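The values are calculated or read from the model by the stated rules, or taken from the named source; none is laboratory data. For clarity, every value in this text was computed on a predicted model and none was experimentally measured. Neighbour counts run over all protein chains shown; Cβ positions are idealised from the backbone, glycine included. Please note that ligands, DNA and RNA were not included when accessible areas were found on the heavy atoms of the full protein model with its side chains. Shrake-Rupley method; radii C 1.70, N 1.55, O 1.52, S 1.80 Å.
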Amino acid sequence: MSLQSDRLSAASSHSPGEVLALISSGAVATRADIARITGLARSTVSQRVDALIAHGFVDEDADGASTGGAPSSPAGTADP
């Protein structure tokens, strides 16, 4: 199996529901955390999180601490 197919397999194995479970559990606080834990590309993480936000499952905090690069985007579950 090639590295490309390994990446495709990893990306398809982390559904938005699995990303939501990580956020809900408190295991991750930022999109970078999600990418690091799941091995998903940053663009894939953004697509998953954006879909969760659009459907009202996740809220994104705007006050993430800066580490000198682009501002982090903390994620948390939306209040019902």
Query raised in the report: Thr67 is checked against (1) open to solvent by 40 Å² or more (accessible area, probe 1.4 Å); (2) among the β-branched types (Val, Ile, Thr); (3) modelled with pLDDT of 90 or more and fails just one. What number does that condition carry?
Result: (3)
Query - Conditions (1) modelled with pLDDT of 90 or more; (2) open to solvent by 60 Å² or more (accessible area, probe 1.4 Å); number of the one not met by Arg31 - result: (2)
Report task. Report the residue count in the range 19-41 for those that are over 13 Å from Val58 (Cβ atoms) and within 8 Å of the chain's Cα centre (by Cα). Result -> 3
Requested in this report: Give the range 11-28 a look and list any residue that's open to solvent by 60 Å² or more (accessible area, probe 1.4 Å) and touching a strand residue (DSSP E or B) at 6+ places or on another chain (Cβ under 6 Å), or say none.
Outcome: Ser24
